[in-house]
1. Of all GluC sites (Glu not before Pro) in the range 1-89, which ones are in loop regions per DSSP and have a Cβ with at most 16 other Cβ atoms within 10 Å?
2. Provide the per-residue ³J(HN,Hα) series for the range 75-84, in order, calculated from phi with Karplus coefficients 6.51, -1.76, 1.60 and θ = phi - 60°, each as a whole number of Hz, with x at glycine and proline positions.
3. Let me know the shape class of the range 50-131, please: from the alpha-carbon gyration tensor, a ≥ b ≥ c as square roots of the eigenvalues, rounded when a/c is under 1.5, otherwise prolate if a/b is greater than b/c, or oblate.
4. I'd like the chymotrypsin sites (Phe, Trp or Tyr not before Pro) in the range 89-147 restricted to DSSP loop residues with at most 10 other Cβ atoms within 10 Å, sorted by number.
5. Please label the shape of the range 93-147 as rounded, prolate or oblate, based on the square roots a ≥ b ≥ c of the eigenvalues of the alpha-carbon gyration tensor (a/c under 1.5 means rounded; beyond that, a/b larger than b/c means prolate, else oblate).
6. Just going by the charge dipole of the range 49-121, with Lys and Arg at +1 and Asp and Glu at -1 on Cβ, which of Val86, Leu113, Gly66 is farthest out on the positive end?
7. What value, in deg cm²/dmol to 500, does the helix sum -39500 (n - 2.57) over DSSP H runs of n ≥ 4 give at 222 nm once divided by the residues of the chain?
8. Can you give the charge dipole size of the range 15-147 about its Cα centre, rounded to the nearest 20 debye, using +1 on the beta carbon of Lys and Arg and -1 on the beta carbon of Asp and Glu?
Amino acid sequence: MKIAVGADHGGYGHKEAIKKHLIERGYEVEDFGTYNEESTDYNEFAIKVAESVRDKKSDRGILVCGTGIGMSVMANKVEGIRAALVHDLFTAEATRLHNDSNILAMGGRVIELEKAIKIVDLWIDTKFSNEDRHIRRINKIDSYKGE
Ligand code: RB5
């Protein structure tokens, strides 16, 4: 599995640690930045990671900003993206089972690093339930064009 990661200054530290952890777990990781703690806009990193997932260059994406909110809102503008803003283990598992989320967004100023890593592992390891009702709901998300 190849995982795209991205962060702004609010998520840089977490992103670096998550990247290291994923590589140690044997995953291929593409890091779309940011590459330091200088203040920057989350938008470009969210778009790069989301487009990588949309274009199937990455299987999943992980985005971290201060709250995770800007990243998730931006990533969800990209077609085919289901970015889930997650703060705990329950929602990490539920969003894989129910939403088949392909991007995990977290807040570096919200979640302690140790917990963020546990969330990452659970989110990666949980398979979509494939239950009819969840497939139906996801199809309704993916087919909505916002007109
Ligand atoms: C940056 O200060 C902060 O606004 C950003 O990281 C993120 O939390 C936005 O949603």
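1. On the way: sites: Glu16, Glu24, Glu28, Glu30, Glu37, Glu38, Glu44, Glu51, Glu79; in loops: Glu37, Glu38, Glu79.
Here the GluC sites (Glu not before Pro) that fit, given the DSSP loop and packing criteria, are Glu37, Glu38, Glu79.
2. Per-residue couplings from phi come out as 4, 6, 6, 8, 4, x, 8, 10, 8, 10 Hz.
3. On the way: a/c = 1.77, a/b = 1.13, b/c = 1.57.
Note, shape of the range 50-131 comes out oblate.
4. Working: sites: Phe90, Trp123, Phe128, Tyr144; in loops: Phe128, Tyr144.
Within the range 89-147, the qualifying chymotrypsin sites (Phe, Trp or Tyr not before Pro) (loop, at most 10 other Cβ atoms within 10 Å) are Tyr144.
5. Numbers: a/c = 4.04, a/b = 1.71, b/c = 2.36.
Verdict is oblate for the range 93-147.
6. Gly66
7. Details: 6 runs with 69 residues, N = 147.
Taken over the chain, the calculation gives -14500 deg cm²/dmol.
8. On the way: 21 positive and 24 negative charges, 93 e Å.
The dipole of the range 15-147 has a size of about 440 debye.
None of the figures in this text is laboratory data; all of them are computed from the coordinates on show. Computed from a predicted structure; not experimentally measured. As a convention, Cβ positions derive from the backbone with ideal geometry for all residues, glycine included, and neighbour counts pool all protein chains shown.
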